[in-house]
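Asks: Pasting a structure below so you can have a look.
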2 protein chains.
Amino acid sequence: MSADNLLVNYFSQYITLSPEEVELIQQEDIIREYNKGDFLLREGQIAQTCFLVLKGCVKRYYLEDGEEKIMDFYTENDPITPVSYAEQKPSKYTISCVEPSIVSSGTTESTERFLQKFPRFVPIFVQIGDQISAKKQLSADDYKSLSPEIRYQKLLEHRPALVNRVPQYMIASYLGIQPESLSRIRKRISSNQKKN
Amino acid sequence: MSADNLLVNYFSQYITLSPEEVELIQQEDIIREYNKGDFLLREGQIAQTCFLVLKGCVKRYYLEDGEEKIMDFYTENDPITPVSYAEQKPSKYTISCVEPSIVSSGTTESTERFLQKFPRFVPIFVQIGDQISAKKQLSADDYKSLSPEIRYQKLLEHRPALVNRVPQYMIASYLGIQPESLSRIRKRISSNQKKN
DNA sequence: TTTCTTTCTTAACCGAGATCAATGGACGGC
DNA sequence: GCCGTCCATTGATCTCGGTTAAGAAAGAAA
């Protein structure tokens, strides 16, 4: 599927597009393809745009003692609004591609231009904005009160595909533990399942 | 000091008030006094207002297996914008007073009425809004990468008064550990200090 | 295929926090 | 005053994740 069609698909989740609208969307030049390891935003930079992951997988992390502390993964149709973009301050986080990815990016201005062209889309953008706050991943609450093992089981429930698509050592970082510990947790879980 | 004057004091941090303005603020009837244990917001309720703690100490927590998991403390001049207020959904959290407290509360409408009366205050409210996001307490980052002992030392640095004003078992809950563990951490720290 | 690298698993040991239980101190009500 | 409740401390024991080190497994490159 072409990159342009991915954006058409994205909107089609929310709204039925006329052929003219499809045409116009495909003419918008706001989509880029990235290789594994490419950066959407580096630590210290000020984000110039927001992102929408159309295909692939992207991670947001920061470095501590040379170690990546992964805060979030973004996959198909996940929007990314960097704090650095909202605040216009240098980013604490780096955002980079875990897989080859196709990502649409937009500024406030380009979004406004887009919405002037497609006023029908305004309610959709509002809806998406709500999603962002609602679809919080592991929160501070979880880290405070849940053990790593429970956090992993929650992740298996809520984002099973993710576990099968990114390396385990990244999942471990996301859970805030060492790869060895995740390995033990997986073993513990599978041996418990055998018992039942 | 009277409750009304506390609100005058609060604004005086940011702006010099004319006697007329002081008069008008004191006429605003948006301040209430609470006893220790009183609730500002209960779990399941939809928040009707935001709050500003003028005096005293307030905690935000949720219950898990009958245990209070404290997420935040608010003391003098801390504003509280409940998620439940923003989303107009039943609150996951309870907000209640750790000490006898004096709290000002306001809705979007009452704030707008207030700002129409005092247009000079608009930039102050913007400034306060920025503070809210900036003055984040222990974040998900901290819980992911820091040990409870380090978290406690950070708390001692950043909010030393808090540790001396709320019971230790609440501090423990806020740090995500058991009271016994906090006791041991304190012992460890003080014995290390003696060595140096 | 073979080789090299990256990732995952396993084992042994250590330390920190959880849990259970007992003790002692502080404070309020009687 | 005394008693009872709540809270902080301490000890013993247990569990889990961290650390170190080694080896197995899976891919990528030759």
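Asks: If I stretch the segment between B:ASN77 and B:ARG32 completely, what's the gain in nm (0.36 nm per residue apart, minus their alpha carbon distance), one decimal?
Replies: On the way: separation 45, 0.36 × 45 = 16.20 nm, distance 1.45 nm.
Using 0.36 nm per residue and subtracting the Cα-Cα distance, I get 14.8 nm.
Asks: Another question about this same structure. Can you tell me the FRET efficiency between B:ARG42 and A:TYR169 if r is taken as the Cβ-Cβ distance and R0 is 35 Å, rounded to the nearest 0.05? Mind showing how you got there, number by number?
Replies: Details: r = 43 Å, r/R0 = 1.23.
Rounded to the nearest 0.05, the efficiency is 0.25.
Asks: I need the inter-copy label distances for A:ARG42: point set 7 Å along Cα to C-beta, values in nm with one decimal, smallest first.
Replies: Taking the point 7 Å beyond Cα along Cα→Cβ, the inter-copy spacings are 5.5 nm.
Asks: Taking 8 Å as the Cα distance limit and 6 or more residues as the minimum spacing, I'd like the relative contact order of chain B as a percentage. Don't skip to the answer; put the middle values down first.
Replies: Working: 251 pairs, mean separation 41.1, N = 196.
Once normalised by length, the contact order is 21 percent.
Asks: Counting pairs of Cα atoms in chain B, how many percent are more than 29 Å apart?
Replies: Result: 31 percent of Cα pairs exceed 29 Å.
Asks: Sort A:VAL122, A:VAL166, A:VAL22 so the one with the fewest other Cβ atoms within 10 Å of its own Cβ comes first. Mind dumping the intermediate values first?
Replies: Details: A:VAL122 11, A:VAL166 19, A:VAL22 16.
Ordered from fewest to most neighbouring Cβ atoms within 10 Å, A:VAL122, A:VAL166, A:VAL22 come out as A:VAL122, A:VAL22, A:VAL166.
Asks: If we hang a label 7 Å off Cα along the beta carbon direction at A:ASP72, how far is it from the matching labels on the other copies, in nm, shortest first?
Replies: 1.8
Asks: What FRET efficiency comes out for the pair B:SER12/B:GLU112, r = Cβ-Cβ distance, R0 = 25 Å, nearest 0.05? If you can, show how the numbers build up before the last one.
Replies: Values: r = 22 Å, r/R0 = 0.89.
FRET efficiency, B:SER12 to B:GLU112: 0.70.
Asks: Give the order of B:VAL8, A:VAL83 when sorted by the count of other beta carbons within 10 angstrom, beginning with the fewest.
Replies: Ordered by Cβ neighbours within 10 Å, fewest first: A:VAL83, B:VAL8.
Asks: Under the convention of a label 7 Å out along Cα→Cβ, give the distances in nm from B:THR107 to the same position in every other copy, shortest first.
Replies: 4.0
Asks: Now, a different point. Dividing the alpha-carbon radius of gyration of the protein assembly as shown by 2.2 N^0.38 Å (N being the number of residues), what value is obtained?
Replies: On the way: Rg = 24.4 Å, N = 392, 2.2 N^0.38 = 21.3 Å.
After normalising by residue count via 2.2 N^0.38 Å, the value is 1.15.
Asks: Also, quick follow-up: So what are the three principal axis dimensions of the range A:3-88 from its Cα atoms, in whole Å, longest to shortest?
Replies: That gives 52, 24, 22 Å along the principal axes, largest extent first.
Asks: May I pose another question? Taking neighbour Cβ counts within 10 Å as the exposure measure, how do B:ASP142, B:ASP38 sort from fewest upward? Provide the component values of the computation, followed by the final result.
Replies: Numbers: B:ASP142 18, B:ASP38 14.
Going from sparsest to densest Cβ surroundings: B:ASP38, B:ASP142.
Throughout, read-outs are computed from the coordinates displayed, never taken from laboratory work. This one's a predicted model, so the numbers in the text were calculated from it and none came from an experiment. Quick reminder, even Gly has a Cβ in these numbers, built from the backbone with ideal geometry, and neighbours come from all protein chains shown.
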